[in-house]
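The values are calculated or read from the model by the stated rules, or taken from the named source; none is laboratory data. Worth saying up front: this structure is predicted, and the values here are computed from it rather than measured. Note that each Cβ is placed from the backbone with ideal geometry, even for glycine, and that neighbours are counted across all protein chains shown. Heavy atoms of the whole protein, side chains included, go into the accessibility calculation; ligands, DNA and RNA do not. Shrake-Rupley method; radii C 1.70, N 1.55, O 1.52, S 1.80 Å.
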Amino acid sequence: MIPRLPRRALPALAVLLLALPAGCTGPGGRHASGAPTTRPPLAERAAVGASPALKGFYDQRIDWTPCPDQGDGDQDEPVVQCATLKVPLDYADPGGRTIGVAVARVPAADPDTRLGSLLLNPGGPGGSGVGMARWRWKGYGPLHDHYDLVGFDPRGAGDTTPVHCLDDRTREEWTSTDDPTYDHGRILADACQARHADLLPHLGTRDSARDMDVLRGALGERKLDFLGLSYGTYLGVLYAEEFPDRTGRLVLDGAVERSTDLVHLNGEQAVAMEAEFRAFAADCAADGGSCPLGSDPATAPNRLADFLDGLKDHPLRASDGRIVTAALGWAGVIDALNDGARSFQRLRGALEPALAHGDVDELLKLADGANGREEDGRYETAADAFAAIHCADAPMAPTGQEVAGALADLAAEAPLTTRHDPGATLFAPDCRPWPYRSPERPHTVTAPGSAPILVVGSTGDPVTPYPWAQRMAAGLPHAVLLTRDGDGHIAYDKSGCVRDAVTAFLVDGRMPAAGARCSSD
């Protein structure tokens, strides 16, 4: 991935065409046969599995109140409720310090057919599940009819022990500099250590998965039903590894799996993004000669990469006086391409004035969106959470030989999108100087004893490459892989077929047939 890109992976799911007819087919052209599973009444789903030391957390009452700043919406819309869940900072010391996990809930639209609670996570790491529930619940159509939609902010993100390491002035330099001697990893690690030394060892995904089980218990659910997108899939699969007997219906879309180290995963991601970058440039060049990259699809990708790299020696000034560097230009382009062909028109609209006459205002807007910069110059903290959570999950100690091999692979397989700073592509984030060393190790999650799990992967996903979904599904003995043929990150918002299949599984317990495939809308 391009260096220092936050990679929040928060797809826009607010507007979805949920009424499209199903097009999901398996080898037999339909969903797998079999009667839907029967769900017990909610009253019978008492909290289970709490150890004596944690029982008080599992048994706690959640005090729901209307969320602030809900606005003046339709009076027929549900009141979104907010609360705070108490959990131990350190699960090895449940009698010690506690922290509050921010939670939001949208009650099910049809109480008579309510199945329980469906937990949501939008990705990141660093994305807010509270925001997903509060502002994007309309995108989940039939799921909202039958489930309370419940989002929570994982540790380090949103309003749950938020990690804010860099001040805005430092973040501005951190995101925009092209100075090859600027030590991004060390600067961030030192700032996080200075501000959050007590939190850093307790921000890993496994701890958030344990928080998720406390939330399940406090909600009165015997099993966990979960929809995780992007990084949310890793949260879901670690939950299944920790609590296989407590899994209900889990859907993992845009799989992040950690069977190998972060250097190799970043390399695979770079190759997938290179394909999307080339597809965009070639699509532009094929448009009747009006493309600023020329009319030859074979040379257009190089022309675009040359322009972006050229900003290092010849940066351009935006109308507000800010300087657009190569780091900013690349960040804006790569982040826009996360959404695949859907983003091509917008990206072209930003690049055309920049290439034609040096007008980089729209390109700068893309970069600011990628970096979480608001119009007033303040930065969101998702990038700090991204690094803190990743580094709590991923020990980083590659040998020189491994790094050399990975760099050679990048030069051969992703020469355009990584040549600006190939080292930073591999170390994104750079956990080498991190003050906390995680006990986690790369491994294939198997979760024996779990309920069936639906894994969804997209063949042209530039953020979570399709092989990740294949490996995740292959490692889980009770998983089925649903494939979307198409580009862009996450399948749920890009395919009516996928949405129908996810709904059938979560609502009725009907799993797609093995080998099922969907097309994009």
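Using packing as a proxy for protection, rank 512-518, 331-337, 118-124, 54-60 so that the peptide with the highest average count of other Cβ atoms within 10 Å comes first. List each step's numbers first, then the result.
Details: 512-518: 20.4, 331-337: 25.9, 118-124: 28.0, 54-60: 16.4.
Answer by packing, highest mean first, reads 118-124, 331-337, 512-518, 54-60.
What does the accessible area per residue of the stretch 376-521 come to in Å², with a 1.4 Å probe and no ligands, DNA or RNA counted? Mind dumping the intermediate values first?
Working: 4950 Å² over 146 residues.
About 34 Å² of surface per residue is accessible.
Give the value in nm², to one decimal: projected area of the alpha carbon convex hull of the stretch 431-488, averaged over all directions.
Values: hull surface 21.8 nm².
Average projection, Cα convex hull of the stretch 431-488: 5.5 nm².
By how many degrees, 0 to 90 and rounded to 10, does the Cα axis of helix 262-285 deviate from the longest principal axis of the chain?
Approximately 60 degrees, to the nearest 10.
Between beta-carbons, use under 10 Å as the cut-off and find the net charge around Glu276, counting Lys and Arg +1, Asp and Glu -1. Spell out each step's value before the answer.
On the way: positive: Arg278; negative: Glu274, Asp339, Asp461, Asp487.
Taking every Cβ under 10 Å from that of Glu276, the sum is -3.
Report, in degrees rounded to the nearest 10, the 0 to 90 angle that the Cα long axis of helix 400-413 makes with the longest principal axis of the chain.
Approximately 70 degrees, to the nearest 10.
Please give every one of the lysines within straight-line cross-link reach of Lys312, meaning a C-alpha to C-alpha distance under 19 Å, and leave out same-chain neighbours fewer than 8 residues apart.
Cα-Cα hits under 19 Å: Lys365.
Inverting the mean 1/r over all pairs of different Cα atoms, compute the Kirkwood radius of the stretch 175-238 and quote it in Å. Could the numbers behind the result be given before it?
Values: mean 1/r = 0.0678 Å⁻¹.
Every distinct Cα pair counted, the radius reaches 14.8 Å.
What is the local net charge at Arg484, summed over the other residues whose Cβ is closer than 13 Å to its Cβ (Lys, Arg +1; Asp, Glu -1)? If you can, show how the numbers build up before the last one.
Values: positive: Lys494, Arg499, Arg517; negative: Asp253, Asp461, Asp485, Asp487, Asp493, Asp500, Asp521.
Every neighbour counted, the sum reads -4.
Tell me the angle of helix 361-371 to the major Cα principal axis of the chain, expressed in degrees between 0 and 90 and rounded to the nearest ten.
Relative to the chain, helix 361-371 is tipped by roughly 40 degrees.
Please list, in chain and number order, the residues 5+ apart from Ala479 or on another chain whose amide H is under 5 Å from its amide H, with Hs placed from the backbone.
Under 5 Å from the amide H of Ala479: Ile453.
At Thr399 and Ala92, where each label point lies 7 Å from the Cα along Cα→Cβ, what is the point-to-point distance in nanometres?
2.9
Looking only at GluC sites (Glu not before Pro) in DSSP loops with at most 13 other Cβ atoms within 10 Å, what is the longest site-free stretch of the chain?
On the way: sites that count: Glu374, Glu375.
The segment 1-373 is the longest one with no such site.
Which value at 222 nm does the chain reach when only helices count, each DSSP H run of 4 or more adding -39,500 (n - 2.57), with the total divided by all residues and rounded to the nearest 500 deg cm²/dmol? Write out the running numbers ahead of the final one.
Working: 17 runs with 192 residues, N = 521.
About -11000 deg cm²/dmol.
Counting only protein heavy atoms and using a 1.4 Å probe, what share of the accessible area of the stretch 110-253 belongs to carbon plus sulfur, as a whole percent?
Values: 1940 of 4140 Å².
Looking at the stretch 110-253 in its full context, I get 47 percent from C and S.
Could you tally the net charge around Val106, taking each other residue with its Cβ under 13 Å from the Cβ of Val106, Lys/Arg +1 and Asp/Glu -1?
On the way: positive: Arg105, Arg114, Arg134, Arg136, Lys138; negative: Glu77, Asp110, Asp145, Asp148.
My count for the surroundings of Val106 gives +1.
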